[in-house]
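The values are calculated or read from the model by the stated rules, or taken from the named source; none is laboratory data. Since the model is a prediction, treat every value here as computed from it, not as a measurement. Note that each Cβ is placed from the backbone with ideal geometry, even for glycine, and that neighbours are counted across all protein chains shown. To get the accessible areas, we keep the full protein, side chains included, count just its heavy atoms, and leave off ligands, DNA and RNA. Shrake-Rupley method; radii C 1.70, N 1.55, O 1.52, S 1.80 Å.
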Amino acid sequence: MRNFSSRYMRLPLLLIFAGSLLLGGCGDQRILEQVGLIQTTSYDLLPNGELKIAVAIPRVEAESNQEREVLRTSAPTSKQARIQMSRQTSLQLVSGQLRVTLLGKSFVQAGIGDHLDTQTRDPAISPLMKIAVVNGDAEQLLNQRYSQHPRTDLYIERLLGKESDSHSIPKATLYEFVRDYYDDGIDPVAPMIRRAGENIVIDGIALFKDDRYVGRIPEKDAMIFACLHGGFKQGELGIRLRKKEKSTEAVVLTSLVSSRSIKVTGAGDKMKVAIDMHLNATVSEYIGGDLKLGKPRDLKKLEQKISAYMAAQAELLVKKLQQAGADSIGIGSYVRNHMGYPAWKKTNWGERYPRIEVHCKVKTRINNVGKMK
């Protein structure tokens with residue numbers, strides 16, 4: 001009887017001990033209203049060499065009449081800026097919800113290698129965070145209020161997501177940008193945006209050589225770049241095939257599916273690169289031409305016109321990339337596989353790339369032309 005009672009007398013003590021352990025584990029609790037969840041950040045380079053950094057934080061307090069708070073400061077490093085910004089707010093700043101990083105043009109022109117190293121080392125930052133280059137001042141773009149979009153940071157995030165889903169801009173997350181940066185056979189790219197009145201618009205594709213911005217592909221050529229960069233599904237493309245005296249022959253392709261292959265032949269100065277692209281699409285609009293799309297012969301002629309146009313534009317775009325020294329479509333990775341890694345390491349690809357001969361060939365297939373009588 002004594003053993004039975006002593007066992008049950010010890011039970012409350014065990015429960016108290018277990019409860020104290022559980023309560024002790026709650027010491028790192030964070031109340032949502034007291035946490036500043038950084039969702040967008042911007043980087044610009046000041047004339048004195050310091051970084052101008054801003055962060056956008058959503059406000060969740062019921063008594064606040066603002067949907068977001070923007071903090072900004074200047075400092076030699078991003079971590080020092082974070083410490084300074086934490087002194088400007090009553091919230092505890094955390095990076096676990098960081099979704100977009102905006103890089104000002106002044107910042108990317110100087111090189112962003114150190115910044116990439118800092119962000120990849122931070123375990124709180126997701127590799128799925130989006131990267132975009134601002135054609136102008138990134139802090140001003142982020143701090144600006146747009147009448148139709150109460151939260152600018154959310155507006156930018158959704159814009160980048162929608163446009164990358166339609167392949168009008170490349171998908172540039174931290175993971176993909178850093179992957180291409182460290183690969184010696186391809187250079188990274190990122191979407192470029194700018195302010196246009198009361199809106200933010202896509203302003204093309206930013207080209208990098210290593211970690212430095214070297215040029216831009218205009219928005220009108222973004223879909224051609226997407227075809228060169230790799231395969232995709234469900235794109236849209238408008239093409240002006242020919243300009244007549246009083247009208248323009250043009251076609252709009254939807255449900256566009258693209259695939260690409262690259263073949264390297266020869267060696268040394270005789271090395272050549274052939275890029276073959278295959279397009280499958282639906283014609284949603286055709287104006288200004290003499291072709292009757294209900295006739296198989298005329299449909300074949302339209303396919304040939306589209307192929308010729310795309311091949312010519314692709315070769316012009318490749319030449320532009322070569323002039324900038326940006327191997328944005330990864331030709332170097334195919335050359336590396338062709339010659340073998342030991343020979344590749346002895347090759348100065350940065351010098352050879354602008355001189356290599358590249359030819360583009362396109363084969364187009366129109367699956368349907370919509371409802372026709």
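Count Lys and Arg as plus one, Asp and Glu as minus one, and take only other residues whose Cβ is under 13 Å from that of Met129; the net charge is then -1. Region 169-216 and region 315-373 have Cα centres lying 18 Å from one another. Which of Ala326, Ala314, Ala274 moves most in a GNM of the chain, Cα contacts under 10 Å? Result: Ala274 has the largest fluctuation of those listed. Charge dipole (Cα centre; +1 on Lys/Arg Cβ, -1 on Asp/Glu Cβ; no other charges) of the chain amounts to roughly 1340 debye.
When shorter helices are ignored and each DSSP H run of at least 4 residues is given -39500 (n - 2.57), the per-residue value for the chain at 222 nm works out to -10500 deg cm²/dmol.
Computed over protein heavy atoms with a 1.4 Å probe, the accessible surface of the chain works out to 55 Å² per residue.
Starting from the Kirkwood radius over alpha-carbon pairs of region 192-296, derive D by Stokes-Einstein at 20 °C in a medium of 1.002 mPa s and give it in µm² s⁻¹.
For the chosen part, D equals 127 µm²/s.
What trypsin sites (Lys or Arg not before Pro) in region 81-130 are in a loop by DSSP, with at most 11 other Cβ atoms within 10 Å of the Cβ?
Arg87
Restricting the GluC sites (Glu not before Pro) of region 159-220 to loop positions (DSSP other than H, G, I, E, B) with no more than 14 neighbouring Cβ atoms within 10 Å leaves Glu198.
The tail of the calculated P(r) for region 299-373 beyond 18 Å holds 55 percent of all Cα-Cα pairs. Beta bridges from DSSP with both residues in the chain: antiparallel share about 65 percent, rounded to the nearest 5. Counting only lysines at least 8 places from Lys105 when in the same chain, those with an alpha carbon closer than 28 Å to its own are Lys52, Lys79, Lys130, Lys162, Lys171, Lys209, Lys220, Lys319, Lys320. Relative to the globular-protein estimate of 2.2 N^0.38 Å, the Cα radius of gyration of the chain stands at 1.31.
Determine the percent antiparallel among the DSSP beta bridges restricted to region 32-217, to the nearest 5. Intermediate results must be reported in sequence, preceding the final value.
Working: 28 of 42 bridges.
The antiparallel proportion sits near 65 percent.
Within the accessible surface of the chain, defined with a 1.4 Å probe on protein heavy atoms only, the carbon and sulfur portion equals 51 percent.
Two decimals is fine: what's Rg over Rh for region 219-373, C-alpha atoms, Kirkwood radius as Rh?
1.06
Among the trypsin sites (Lys or Arg not before Pro) found in region 143-178, those both in a DSSP coil and sparsely packed, with 13 or fewer other Cβ atoms within 10 Å of their Cβ, are Arg145.
When both region 250-285 and region 75-118 are represented by their alpha-carbon centers, they are found 39 Å apart.
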